[in-house]
Amino acid sequence: MSYSYHYSSGDPALAIFIMIFTMIYILVIFGIVAAAYISRWFIFKKMGMPGWKGIIPYYGEYLLFRELWTTKMFWVYVISAGVYAVVSIFGTFIGMMGFAVLAAGAQSSQAIGQAAVIPIIAIAFFGLLTLGYLVFALVITFKLNNRLAKAFGKSTGFAAGLTFLSPIFDLILAFDKSYYIGRQIM
């Protein structure tokens, strides 16, 4: 008896296409990140602060909150993100344990139904928690961006652009002819 095995290495054209697409994707992401750092640098310079302070993670945000709003809101924002992260990890663990119990030994349909309750509740609860946190973070980000836009004499629509299309609107704010007029009463 003889055995034969045929191995196909796949389509080289597809592999080349995937490699080119991946390289273009990496370059685009790198460009967006570079533009974010450059624009943050120049926004801080326009605000009268050293540009390097704007590109340090968390410190730059802290300075924006301090300059435009209040540091209390910065800490609320950061602590809520930390609480969300811890609760999400815990929720993932609960859901995984529920599925492990389900897979471990539920023999009857009634046992499967009972075991499925834990992961279903965990998924629903933590899905709602995620949605709530995302809405909260979006509101805080929009309010900060609105204060930033007003500090440069821009409209609320520009603040929406800073929130939803930040790479483009950050570059516009960094390199347009607007001047920093300071914190506006809101």
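Taking 0.36 nm per residue of separation and subtracting the current Cα-Cα distance, fully stretching the chain between A15 and T130 would add 37.7 nm. Take the Cβ atoms of L171 and I79, set R0 to 41 Å, and the FRET efficiency comes out at 0.85. Cα centroids of region 142-172 and region 9-60: 20 Å apart.
The modelled label-to-label distance between T22 and M96, using points 7 Å beyond Cα along the C-beta direction, is 2.6 nm. Any aspartates and glutamates with Cα under 17 Å of the K72 Cα? List them, leaving off those in the same chain fewer than 8 positions away. Reachable aspartates and glutamates: E61. Note on K150, K177, K53, K72: ascending count of other Cβ atoms within 10 Å places them as K177, K72, K53, K150, the fewest first.
All of the numbers you see were taken from the coordinates with simple rules; none came from a lab. Computed from a prediction, not measured in an experiment: that's the story for all the values here. Because the Cβ atoms are built from the backbone with ideal geometry, glycine has one as well, and the counts that use them run over all protein chains shown.
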